[in-house]
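Read through the structure below, which is laid out as structure tokens, and then see the notes.
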Amino acid sequence: VQLQASGGGLVQPGGSLRLSCAASGSIFRFYSMAWYRQAPGKQRELVALITSGGSTNYADSVKGRFTISRDNAKNLVYLQMNSLKPEDTAVYLCSAASSAGARYWGQGTQVTVSS
């Protein structure tokens, strides 16, 4: 599985961004998909996850502000980020996980929240 993330950029506090992750392969719909982020000097953390069945889970720090979704017909997963805060600044990474436990990572996309 190859993953390609896009959509990062510079945004002011309170603004919005939508990240996209394009996945290769015909079995995308069977994978759980997730967004992680890693800020300088900090550990990588799970931001949001969506299972193959569409169930979602979010980090407490982004609940109510971020929404993860997927389009199985297009092999895409999205992260809509609203009400962005400076502490959301990080490299955001897309990840796929199979039911057998294999995990795949895409390259990151930088999100910077600053005035």
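The values are calculated or read from the model by the stated rules, or taken from the named source; none is laboratory data. Please read these numbers as outputs of a predicted model, since none were measured by experiment. Here Cβ is always computed from backbone atoms with ideal geometry, including for glycine, and neighbour counts include all displayed protein chains. These accessible areas exclude ligands, DNA and RNA; they are computed on the full protein's heavy atoms, side chains included. Shrake-Rupley method; radii C 1.70, N 1.55, O 1.52, S 1.80 Å.
May I ask you to compute the full-extension gain from residue 83 to residue 12, defined as 0.36 nm times their residue separation minus their alpha-carbon distance, rounded to one decimal in nm?
So the extension gain works out to 24.6 nm.
At a Förster distance of 35 Å, what's the computed FRET efficiency of residue 112 paired with residue 76, Cβ-Cβ distance as r, to 0.05?
Plugging the Cβ-Cβ distance into 1/(1 + (r/R0)^6) gives 0.90.
Which trypsin sites (Lys or Arg not before Pro) in the stretch 20-52 sit in a loop by DSSP (not H, G, I, E or B) and have at most 15 other Cβ atoms within 10 Å of their own Cβ?
Taking the stretch 20-52 and a limit of 15 other Cβ atoms within 10 Å, the loop trypsin sites (Lys or Arg not before Pro) found are 42, 44.
Quick one: putting +1 on the C-beta of Lys and Arg, -1 on the C-beta of Asp and Glu, what dipole do you get for the chain around its Cα centre, in Debye to the nearest 20?
For the chain, the charge dipole is close to 100 debye.
Just want the answer: with Cβ charges of +1 for Lys and Arg and -1 for Asp and Glu, which residue in 47, 64, 22 is farthest toward the dipole's positive end in the stretch 3-115?
With unit charges placed on the Cβ atoms, the residue in question is 22.
Distance between Cα centroids, the stretch 69-115 to the stretch 38-52: provide it in whole Å.
Each part reduced to its Cα centre gives a spacing of 8 Å.
How many Å² of accessible area per residue for the chain, probe 1.4 Å?
52 Å²
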